Amino acid sequence: QVKLVESGGGLVQPGGSLRLSCAVSGTIFRSATMGWYRQAPGKQREMVAGITSGDSTNYRYSVKGRFTITRDNAKNTVNLQMNSLKPEDTAVYYCNAYYNYQDYWGQGTQVTVSS
């Protein structure tokens, strides 16, 4: 059974930083493409950053240069370092694993950027 558990959300001032982590149980992690998505109130869920099993990364244009996604195959975790946060980054952030044509999701963690 695959389970994803996010941590690290919270309230931060504009310009601040947060680090999100996602722990993945099960045997799929090393072969899965991992990603972070977010959903703001009244908006559709959108991809923020992704990393393949081969460590290729891609980012949403609005977060390039501010966010960094990494994975640790020894610990079955994927992280999202978020710097220079803006109020428009406020959303629930979800961890995603894509493996064998299936999507797996975490429960989400709230990130609020406000003064």
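May I ask for the net charge around residue 108, where only other residues with Cβ less than 15 Å from the Cβ of residue 108 are counted and Lys, Arg are +1 while Asp, Glu are -1?
0
Hey, which lysines would be in cross-link range of residue 75, C-alpha to C-alpha under 27 Å, not counting anything within fewer than 8 residues on its own chain?
Once the sequence-local lysines are set aside, what remains near residue 75 is 3, 64.
Just check the range 17-70 against the gyration tensor rule for me: Cα atoms, a ≥ b ≥ c as the square roots of the eigenvalues, rounded for a/c under 1.5, and otherwise prolate or oblate depending on whether a/b exceeds b/c.
It is prolate, given that a/c is not under 1.5 and a/b is the larger ratio.
Roughly how big is the chain's charge dipole about its Cα centre, with Cβ charges of +1 (Lys, Arg) and -1 (Asp, Glu), in debye to the nearest 20?
Approximately 80 debye in magnitude.
Could you give each residue of the range 99-107 its phi-based ³J(HN,Hα) in whole Hz, using Karplus coefficients 6.51, -1.76, 1.60 with θ = phi - 60°, and x for Gly or Pro?
Values per residue, Gly and Pro as x: 8, 6, 6, 10, 9, 10, 10, x, 8 Hz.
Net charge near residue 94, counting Lys/Arg +1 and Asp/Glu -1 over other residues with Cβ under 11 Å of its Cβ?
Numbers: positive: 38, 45; negative: 6, 46, 103.
With Lys, Arg at +1 and Asp, Glu at -1, the neighbours total -1.
Starting from the range 1-93, pick out the trypsin sites (Lys or Arg not before Pro) whose DSSP state is loop and whose Cβ has at most 11 other Cβ atoms within 10 Å. Working shown, then result.
Values: sites: 3, 19, 30, 38, 43, 45, 60, 64, 66, 71, 75; in loops: 43, 45, 60, 64, 66, 75.
In loop regions of the range 1-93 (DSSP not H, G, I, E or B), the sparsely surrounded trypsin sites (Lys or Arg not before Pro) are 43, 64.
The numbers here are math on the coordinates, done by the rules we state, and not lab data. Worth saying up front: this structure is predicted, and the values here are computed from it rather than measured. For neighbour counting, all protein chains shown are included, and Cβ atoms are generated from backbone atoms with ideal geometry for every residue, glycine included.
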